[in-house]
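Quick notes on the structure that follows.
The values are calculated or read from the model by the stated rules, or taken from the named source; none is laboratory data. Nothing here was measured: the structure is a model prediction, and the numbers come from that model. Here the Cβ is made from the backbone with ideal geometry for all residues, glycine too, and neighbour counts use every protein chain on show.
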Amino acid sequence: MTLKEFQNITLIANIPSILRHGIVSYVEAAKLPHLSVALQDVQEKRDVKRVPGGLALHEYANVYFHARNPMMSRRRGEAAQLCVLRISTDILSIPRAVITDQNAASKYVKFSAPNQLQFMNLEYVFAENWKHPNDQIQEWRHSSAKCAEVLIPEKIPPHFILGAYVLNASSQSQLQAQGFQLPIQLDQHMFFH
């Protein structure tokens, strides 16, 4: 499987700041006016985690391998206010980039250098569904793997943004009204609609 892009879930209201500052770490975001889509229970776990040989987890800007994941599923009721930014795979060449095989807050996450990407099970990460009705352990593992991430120290500069996905034409209009001029695709499936 060839990776075409990475993805970032954000509120459309944050787009002017992202176009100016890039996708920033949790620590950097705290210094800027913004609205968060972060789940508080997950942020508490991330707050105490460090990347081995690297920074505190909250000092990295993060993007998903695939935004149609449990996080998006939990935010489906807010889909009309969200967009998914398409991020160039060139971010892997940013110094000290890290990839994870599952949600970086997981107890069992593996942090790797980008050159270890070939060892990731991308079919598993990009699977349509992570539900395993007859195997709760497997479902938990798969749910976490669906949230595999790329971590970039401090920020991902705006020039790595390729475009965006939105739920519908109304969301597209909202996004354009925020000054977003890159390609926008409508994709209800991405937002669980």
Exercise. In contact with a strand residue (DSSP E or B) (Cβ under 7 Å, 6 or more places away or on another chain), of a type in the set (Gly, Ala, Ser) and under 19 Å from Tyr108 (Cα atoms) - does that describe any residue in region 62-69?
Worked result: no
Seminar exercise, completed: Only one of (1) surrounded by fewer than 19 Cβ atoms within 10 Å (Cβ to Cβ); (2) farther than 21 Å from Ile18 by Cα; (3) at pLDDT 95 or above; (4) not β-branched (Val, Ile, Thr) does not apply to His142, and that is (1)
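Looking only at helices (runs of 4 or more DSSP H) that lie completely in region 1-76, which have at least 3 residues being touching a Gly at 6+ places or on another chain (Cβ under 8 Å)? First the steps, then the outcome.
Details: elements: 15-21, 26-29, 40-47, 70-74.
Correct list: 15-21.
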Exercise. Is it fair to say Lys155 is at pLDDT 95 or above, charged (D, E, K, R) and over 28 Å from Lys31 (Cα atoms)?
Worked result: no
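Applying the selection to region 152-166, what residues are out of contact with any strand residue (DSSP E or B) (no Cβ under 7 Å at 6 or more places or on another chain) and either crowded, with 19+ Cβ neighbours inside 10 Å or in a helix (DSSP H, G or I) (or both)?
Answer for region 152-166, where residues must be out of contact with any strand residue (DSSP E or B) (no Cβ under 7 Å at 6 or more places or on another chain) and either crowded, with 19+ Cβ neighbours inside 10 Å or in a helix (DSSP H, G or I) (or both): Pro158, His159.
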Problem set entry | Matching option when the condition is within 18 Å of Ser88 (Cβ to Cβ) and not aliphatic (A, V, I, L, M), among Gln181, Gln176, Gln172, Gln188 | Gln181
Seminar exercise, completed: Conditions (1) surrounded by 15 or more Cβ atoms within 10 Å (Cβ to Cβ); (2) touching a residue at least 60 places away in the same chain (Cβ under 8 Å) -> Val37 fails only (2)
For this session: Test Val48 against the stated conditions and say whether it is out of contact with any strand residue (DSSP E or B) (no Cβ under 8 Å at 6 or more places or on another chain) and β-branched (Val, Ile, Thr).
Result: yes
Problem set entry | Residues satisfying the stated conditions in region 69-119, i.e. among the basic types (Lys, Arg) and surrounded by 14 or more Cβ atoms within 10 Å (Cβ to Cβ) | Arg75, Arg86, Arg96, Lys110
Exercise. Which of the residues that make up region 120-172 are closer than 20 Å to Leu186 by Cα, of a type in the set (A, V, I, L, M, F, W, C) and in contact with a helix residue (DSSP H, G or I) (Cβ under 7 Å, 6 or more places away or on another chain)?
Worked result: Ala164, Val166, Leu167
Problem set entry | region 113-143, subset aliphatic (A, V, I, L, M), over 19 Å from Asp90 (Cα atoms) and in a helix (DSSP H, G or I), residue nearest to the chain's Cα centre (by Cα) | Val125
